[in-house]
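Every read-out reported here was derived from the displayed coordinates using simple, explicitly stated rules and does not represent laboratory data. Nothing here was measured: the structure is a model prediction, and the numbers come from that model. Here the Cβ is made from the backbone with ideal geometry for all residues, glycine too, and neighbour counts use every protein chain on show.
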Amino acid sequence: MIRPGTDADAAAYIRLIGDAWREYPGVVFDVDAELPELRALATWFAQQNGVLWLAEENGRALGMVATRPLGADDAYEICRLYLDRSARGSGLAQRLLDVAEAHARGAGAARMVLWTDTRFEAAHAFYEKRGYVRQGAIRILDDLSRSLEFRYTKPAQGLVVEAMDAAAATSAERPLSRILAECVAEGASLSYLPPLAPDIARAYWRGVSAEVAQGHRLLLLAWHEGQLAGSVQLALQVQQNQPHRVEVEKLMVAPGHRRRGVGTALVQRAEQAAARLGRRVLTLDTRAGAAGEALFRRLGWREAGRIPRLELDLARVPQDVLFFFKEVAP
């Protein structure tokens, strides 16, 4: 059961947080010196227009989470997400985060933000699975643990497309690997055949992140209602005599987010980004008859030609590949 937390639950908060922190060498847990708010945590969050929840079973606290408005850009912060060791892997963390995010969205949050210690690698993987990406500088805390924290964020609702820096691209490798494998399994024209091994997918996205860091590639991600829904890339390295051209690559939309305008939004943002970069000619290729063909034609892309039987489809049958281009105003 997940219920609103109260100040009377102080012992449960202290145990949950203390047990989690003690798993990491060098992390100091001193309530009176650094965390006195834990003794009246519900009141502390209420004073900031925030909300606190506690999950329990048979009277034992198994997890907690809170959220509060940040007062800037309609953002809400996810705070104090901790689980009892016995509840890990049970889906409770997902349910707690669902509760906090739903409250924030209902309160009008446009963006979710959280901070997590650089040592909490399992937490990073969890948040990344939920569509959060790293953003901004590492925060240095003047605390007993000498903590360094990553900032994670994502759009809270609606359909949003954003460009990623190197840190964000790296943190998105896990979920993007999953989406790539799902799309390939459904026969998408993305250079791979199913089953796509996880290590191959992850290696591909590591290469993308490296090129983003070098300034050779632009990665755009789309979120739909707070979930990572798709991506597209602009390959910025072109021939010396074609500085005005850019290649659009790897447009993909997660199967659960199709027919919601995600692909259209990604392509349109890619066109806008290319124009801002001064690239007035965009090119791409896709398998004939693939879902992307109709999308590109609808958005004004022009067919430049085709190569017969260039690519294998899901059934390993050779199919034609179409080449498209579009000119945009710088």
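Once both labels are positioned 7 Å from their Cα atoms along Cα-to-Cβ, the gap between ALA275 and ARG258 label points is 3.0 nm. Residues of the stretch 132-174 with the amide nitrogen closer than 14 Å to a label point 7 Å from the Cα of ASP30, along Cα-to-Cβ, please. Once the point is set 7 Å along Cα→Cβ of ASP30, 142-147 turn out to lie under 14 Å by backbone N, inside the stretch 132-174. Over the stretch 2-155, the alpha carbon radius of gyration divided by the compact-protein estimate 2.2 N^0.38 Å works out to 0.99. Computed over neighbours whose Cβ is under 14 Å from that of LEU114, the net charge equals +4, Lys and Arg +1, Asp and Glu -1.
In square nanometres, what is one fourth of the surface area of the convex hull spanned by the alpha carbons of the stretch 200-330?
Details: hull surface 36.1 nm².
Result: a mean projected hull area of 9.0 nm².
Note on ASP19 and LEU148: their simple-model spin labels are 3.0 nm apart, each label 7 Å out from Cα toward Cβ.
Extents of the chain, taken as max minus min of Cα coordinates on every principal axis and listed largest first, are 70, 40, 37 Å.
Working from label points 7 Å from Cα in the Cα-to-Cβ sense, the ALA107 to ALA203 distance is 4.6 nm. Under the convention that each Lys and Arg Cβ holds +1 and each Asp and Glu Cβ holds -1, the size of the dipole of the stretch 89-192 around its Cα centre is about 140 debye.
Compared with the dominant principal axis of the Cα atoms in the chain, helix 262-276 is inclined by about 70°. Shown here for the stretch 5-75: trypsin sites (Lys or Arg not before Pro) in loop regions (DSSP other than H, G, I, E, B) with at most 15 other Cβ atoms within 10 Å, namely ARG22.
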